[in-house]
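Enquirer: Shown below is the structure under consideration.
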Amino acid sequence: MKTELAKILSIGGQPGLYRYLVHSNGGIVVESLADGKRKWMGPSARMTFLSDISVYTQTNDELKLQDVLIRMKDFLQQEQAPVPGKDPAAMAAFFEKVIPEYDRDRFYPSHMKKVLDWYNVLRSADALDFEVPAEEAAEDATESPAEEIKPDVKAETKAEAKVPAKPARSVANTSKSTARATKPAAARAPRPVIKHTTQK
């Protein structure tokens with residue numbers, strides 16, 4: 001089953017991560033990803049859905065936590081993430097390899113430690129196969145290019161060749177304009193020359 005980060009919670013004062021189950025008695029019931037135990041959390045609990053967390057980057061954009069975790073998974077393959085320690089330089093060196101564009105001034109060692117912890121919890125729970133949010137799936141479908149349909153130039157040329165020449169008239173177009181002038185009635189019309197132009 002795919003993991004939906006919109007239902008995975010970090011709860012202040014509680015270790016690990018929890019899966020949201022249902023609202024109950026003014027609070028919510030959650031299930032620990034570590035041992036499967038369920039708890040009731042009241043409205044005063046400090047809870048954050050992982051889908052709401054992003055990492056600052058050196059550009060104006062923020063990188064969603066799900067994208068960070070996917071990059072970590074691609075980088076680490078089957079390995080566990082480095083165990084968070086007291087050495088900020090070691091954690092920074094790891095994230096420089098995984099997300100080199102992260103903001104050095106606003107992605108603090110305390111943030112790095114949480115991300116490493118969360119990754120290992122999700123990995124232990126076999127929960128690193130993520131559900132794509134509905135809005136992102138809709139954007140991907142919209143951005144996919146439509147198949148280009150090219151006209152059958154040979155068929156058109158053959159059909160046009162059978163049509164007798166007619167006095168041309170001026171045609172205006174926003175991209176290209178072509179104009180042909182009709183010959184005076186007294187002049188003998190030259191043999192028509194048919195030019196075929198295929199615009200791409």
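Quick grid of which residues meet (1) out of contact with any strand residue (DSSP E or B) (no Cβ under 9 Å at 6 or more places or on another chain); (2) surrounded by 14 or more Cβ atoms within 10 Å (Cβ to Cβ):
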residue: MET47; (1), (2): no, yes
residue: LEU65; (1), (2): no, yes
residue: ARG71; (1), (2): no, yes
residue: GLN80; (1), (2): yes, no
residue: PRO84; (1), (2): yes, yes
residue: VAL115; (1), (2): no, yes
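Enquirer: Would you mind listing the strands (runs of 3 or more DSSP E) fully within segment 1-114 where at least 2 residues are farther than 21 Å from ASP126 by Cβ and without any contact (Cβ under 8 Å) to a residue 60 or more places away in the chain?
Expert: Here the list reads 18-24, 27-32, 38-41, 47-49, 54-56, 62-64.
Each reported figure results from applying straightforward, stated rules to the coordinates on display, with no laboratory input. This one's a predicted model, so the numbers in the text were calculated from it and none came from an experiment. Positions of Cβ are backbone-derived with ideal geometry, glycine not excepted, and every protein chain shown enters the neighbour counts.
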